[in-house]
Amino acid sequence: FTVTTVFLMLLPLLIIALGHGLWGRERERGTLRQLLSTGVDRRALLWGKALALLCTVGAVVGPAALVIVGVLWGLGGGDAGTLLRLGTLGGFYVIYFAIFGGLTLYASAVGRSSRAALVGMVGLWGLFCLVTPRVASETAGALQPLPSQGAMARSISKSLATGIEGTAEREVAVEAIASDMMAKAGVSAAGMLVDEAFLEGFQLKAEAQWEDMVFEHHVRELEDQIAAQETVVAWAGLLSPFVAMQTLSAGLCGTDFAHHRHFTDHAEQWRQALILQLNDAFANNAGADAWDYRAGADLWKNAPPFVYESPGLSFALRTHMPSVLSLVLWLLLSLVLARRSAVRVRAV
């Protein structure tokens, strides 16, 4: 039971509860026939009912939403970028609620009774919010299965020993990398004139490069599979506005996999830079101490600072464009259905 659950699942139920009788109950009471006999434009009547539903839901949700936005803005750093993300998120939630409002007005207009409209919309809510997300998740898992933790550990261990393609011995490959590094540094033919710890530094850097290459290959492969799963789920938004809004909401809040991957890529680059600096320090300063060498405080003071800047709003929208398109299409469909049903609504 979270704020997300309330906005994504419970508020649509509130809209359904408040709107299912906007046409049906008037028809059942006989007031709709009297109203239509005045010659009122049915489209104007539709927008009046929609406005009434909007104002009622807004009166209930509006104050709480403003408090939540203020808290999230403060927790997000209180900057303009966070406010822009929250404003965009709020705009898409309005679209999401409008979709359920339009579908509810449609059901109320075409249903035989207000009770039938309520039952139909609750069933549609269950399909959108309960069934489709689970089916989408299972489908994504079947189309893009992920390796188990044990299987991935075995693959990495094998690649560390024999290379990614399985055709290179670790010792030979690391030695070749070290030789290339020494050649670039101009010390490949120095022989006994070069300090042993200095050569050991090249060995450490070669080991790190080999391991980074192996781990990066397998992690990238896993991340690509996870991203493919999310893409499958995102396109399921064409079948459910709940799925579309759920994925887009995570993206705008920066809690989706794309933002996680953006951060971990930056963190990995920083880690590799730090390891390179440590290996260089060992090669240049260990001398006769060799493996007994202990770095001083200056090494850590001069370590590269970890500075991360999260991607902007365009990154989230670009990543979740399928969800954006799905919500727009659902909005258009709901408005068309609501308008057509209003024009043809039965007075009795």
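Within the same chain, aspartates and glutamates fewer than 8 places from Lys49 are excluded, and of the rest, those with a Cα less than 14 Å from its Cα are Glu26, Asp41. Calculate what fraction, in whole %, of the accessible area of the chain sits on carbon and sulfur atoms when a 1.4 Å probe is rolled over the protein chains. Exposed carbon and sulfur together represent 64 percent of the surface.
Based on Cα contacts under 8 Å between residues 6+ apart, the chain shows a relative contact order of 28 percent. Charge dipole (Cα centre; +1 on Lys/Arg Cβ, -1 on Asp/Glu Cβ; no other charges) of the stretch 230-336 amounts to roughly 340 debye. Along the chain, the longest continuous region that contains none of the trypsin sites (Lys or Arg not before Pro) in a DSSP loop with at most 15 other C-beta atoms within 10 Å is 113-293.
The region of the chain that goes longest without hitting one of the chymotrypsin sites (Phe, Trp or Tyr not before Pro) in a DSSP loop, each with at most 11 other Cβ atoms within 10 Å, is 2-305. Computed from the C-beta positions of Ala267 and Leu51, the FRET efficiency with R₀ = 41 Å rounds to 0.25.
From the helices alone, meaning DSSP H stretches of at least four residues, give me the mean residue ellipticity at 222 nm for the chain, per-run term -39500 (n - 2.57), in deg cm²/dmol to the nearest 500. Helices in the chain give a 222 nm mean residue ellipticity of -25000 deg cm²/dmol. Between the listed residues His259, Thr231, Trp210, the Cα displaced farthest toward the positive end of the dipole of the stretch 200-260, a dipole computed from Cβ unit charges relative to the Cα centre, is found at Thr231.
Dipole magnitude of the chain about its Cα centre, charges +1 at Lys/Arg Cβ and -1 at Asp/Glu Cβ only, in debye to the nearest 20? Please list the in-between numbers first.
Details: 26 positive and 29 negative charges, 806 e Å.
Around 3880 debye, computed over the chain.
Rounded to the nearest 20, the size of the Cβ-charge dipole of the stretch 1-54 about its Cα centre is 180 debye, with Lys and Arg at +1 and Asp and Glu at -1.
Excluding same-chain neighbours fewer than eight residues apart, the lysines reachable from Lys205 by a Cα-Cα span under 17 Å are Lys184.
Candidates Ala297, Asn284, Leu337 compared by Cα position along the dipole of the stretch 280-348: farthest toward the positive end lies Leu337, with charges placed on Cβ. Taking all protein chains as shown and a probe of 1.4 angstrom, Glu223 keeps an accessible surface of around 20 Å².
I need the calculated FRET efficiency for the pair Leu238 and Leu146, taking r as the beta carbon distance and R₀ as 25 Å, to the nearest 0.05. List each step's numbers first, then the result.
Working: r = 24 Å, r/R0 = 0.96.
The pair Leu238/Leu146 has a calculated efficiency of 0.55.
Counting only the Cα atoms, the chain fills a convex hull of 178 Å³ per residue. Of the DSSP H helices in the chain, those with a Cα length along their own long axis of 15 Å or more and a mean Kyte-Doolittle hydropathy reaching 0.5 comprise 42-75, 80-110, 114-126, 241-253, 321-343.
Please give the length that would be gained between Ser137 and Glu169 if that part of the chain were fully extended, namely 0.36 nm times their separation in residues minus their C-alpha to C-alpha distance (nm, one decimal). Could you put the intermediate results ahead of the total?
On the way: separation 32, 0.36 × 32 = 11.52 nm, distance 4.00 nm.
Between Ser137 and Glu169, full extension yields an extra 7.5 nm.
The values are calculated or read from the model by the stated rules, or taken from the named source; none is laboratory data. What you see is a predicted model; the values in this text were computed from it and never measured. FYI the Cβ positions are ideal-geometry reconstructions off the backbone, even for glycines, and counts take in every protein chain you see. The area values use the complete protein model at the heavy-atom level, side chains included, leaving out ligands, DNA and RNA. Shrake-Rupley method; radii C 1.70, N 1.55, O 1.52, S 1.80 Å.
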